[in-house]
Amino acid sequence: MLEKNEAHFNNLLKRYKQHFQNLNLKNTIQKDYVLKALYYSEGHLTAENINQELKIQYNVNISIATVYKILKLFEELKIIKCLNILEKANYYELDYSNHHDHLICNSCHTIIEFEDEIIEQKQLEIAKKNNFLLKDHVVTIYGLCQSCQK
């Protein structure tokens, strides 16, 4: 698991600012704060969660429309990944390029990340068997979390 600290965040922010500059995109303080909210998050966040987190944690007021625009840009630039949960809401997480999959509770919408080498290997075998070059995959397993099974 990634250790989250200010020095690491500042390094990440510096890299993203350089990335924006290389793409001739304007960097804004709003982008910095959205990135910060995602970085320090303990889980997956909706745009509304991010907007609330910015107000409560950082005393920053950004319109929800601006948050959505930033999230769309970050997704296009592959800075974040978007999970659509049961067609109800989009949840976002930073894309650290360490692949993982998700378990999602149909009842409370809890998201649990997991890694499984057997699943990874089996997907490669299936792709090879079908003469298919695997570039990426998404595994999302829906069910009931331990709390909702009671």
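The values are calculated or read from the model by the stated rules, or taken from the named source; none is laboratory data. Here the structure is a predicted model, which is why all the values come from computation and not from measurement. Virtual Cβ from ideal backbone geometry, glycine too; neighbours counted across all protein chains shown. Only protein heavy atoms, including side chains, enter the accessible area calculation; ligands, DNA and RNA are left aside. Shrake-Rupley method; radii C 1.70, N 1.55, O 1.52, S 1.80 Å.
Structure notes:
- Qualifying residues in the stretch 1-12 (those that are touching a residue at least 12 places away in the same chain (Cβ under 8 Å) and either outside any helix (DSSP H, G or I) or open to solvent by 30 Å² or more (accessible area, probe 1.4 Å) (or both)) - the one nearest to ILE111 (Cα to Cα): LEU2
- Residue list for the stretch 28-59, filter: without any contact (Cβ under 8 Å) to a residue 12 or more places away in the chain and of a type in the set (Asp, Glu): GLU42
- In the condition set (1) in contact with a helix residue (DSSP H, G or I) (Cβ under 7 Å, 6 or more places away or on another chain); (2) open to solvent by 30 Å² or more (accessible area, probe 1.4 Å), ALA37 is compliant with all but (2).
- Residues in the stretch 17-27 that are in contact (Cβ under 8 Å) with a residue 24 or more places away in the chain and either crowded, with 17+ Cβ neighbours inside 10 Å or over 19 Å from the mean Cα position of the chain (by Cα) (or both) were compared, and the one that is nearest to ILE70 (Cα to Cα) is LEU25.
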